Amino acid sequence: MDVVKTKNLNKDFFLGKTKIRALIDINISVEKGEFLAIAGPSGSGKTTLLNLIGCIDLPTSGIIRIDSIDTNRLSSNELANLRASKIGFIFQSFNLIPVFSALENVEYPLFKKKKNKKERKEIVMKALEDVGIEKFAKHKPDELSGGQRQRVAIARALVTNPKIILADEPTANLDQKTGATILDIMKKINEEHKTVFIFSTHDSKIMSMANRIIRIRDGAIISREV
């Protein structure tokens, strides 16, 4: 069964009276356990596609199914609940809350869950251990390196045990060695938990590790590589 499926997906934007076709008839299927790269140059539509799959944005037309749920039929509150329960996000700019410690940043998504403080801390510490950053649990983002911040961001994405993790250029702000380490962590999580990873990227290292590559240009799929 597909964890993600899109059918004839389109997204338009308007700049004044000019219509920009950001995505054109996108059809993809993603199975459990995939490590998928969506590749393309800047402005090709890959981040827009991730935002639609993540229910952050809405399509102009077409269908998106997440774990067999037709997202077009959901209210804004239901979409928020779907994001919280099934999808984790990793961004190139980390998107950590500056005044929170690493532990508090990772804990934040759990406040919507019916967990007491002790349960939350156990889950958070396990997530921090999984990415090898538990010793820095009390450190704030400005006390951490770029690689350490990205590990915190990965732990935050994992903490709700999502079926899908969407990673938008996750190595773009990291040096080559640190980026490779971060990728190894994500690949290990993918293999051990069968969590789907979908990357927006032009990083050759990510593409070499992906089990599939979907290339897009000017909003349209131009090739599919296994």
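What does the charge dipole of the chain about its Cα centre add up to, to the nearest 20 debye, if the Cβ of each Lys and Arg holds +1 and the Cβ of each Asp and Glu holds -1?
Details: 37 positive and 27 negative charges, 97 e Å.
I would put it at about 460 debye.
What ranking do 48-55, 181-188 get when scored by the average of other Cβ atoms within 10 Å per residue, highest first? Walk me through the numbers before you get to the answer.
Numbers: 48-55: 22.8, 181-188: 17.6.
Ranking, from highest mean packing down: 48-55, 181-188.
For labels at residue 224 and residue 42 in the simple 7 Å Cα→Cβ model, what's the distance in nm?
Once both label points are built, they end up 3.0 nm from each other.
Just from its helices, what would the mean residue ellipticity at 222 nm be for the chain, if runs of 4 or more DSSP H residues each count -39500 (n - 2.57) and the sum is divided by every residue, rounded to the nearest 500 deg cm²/dmol? Each step should come with its number before you reach the end.
On the way: 7 runs with 76 residues, N = 226.
Per the formula, -10000 deg cm²/dmol.
Taking the convex hull of the alpha carbon atoms in the chain, what volume per residue do you get, in Å³?
Values: hull volume 30.0 nm³, N = 226.
Here the figure is 133 Å³ per residue.
Give me the aspartates and glutamates in straight-line cross-link reach of residue 138: C-alpha distance below 19 Å, same-chain residues under 8 apart excluded.
Partners found: 104, 107, 119, 122, 129, 130.
Computed from the mean reciprocal separation of all distinct C-alpha pairs, what Kirkwood hydrodynamic radius does the stretch 1-99 have, in Å?
Values: mean 1/r = 0.0681 Å⁻¹.
Across the stretch 1-99, the inverse of the average 1/r is 14.7 Å.
Computed from the coordinates by the stated procedures, all read-outs in this text should not be read as laboratory data. The structure presented is a predicted model; accordingly, all values stated were derived computationally and were not measured. Cβ sites come from the backbone with ideal geometry, for glycine too, and all protein chains shown count toward neighbours.
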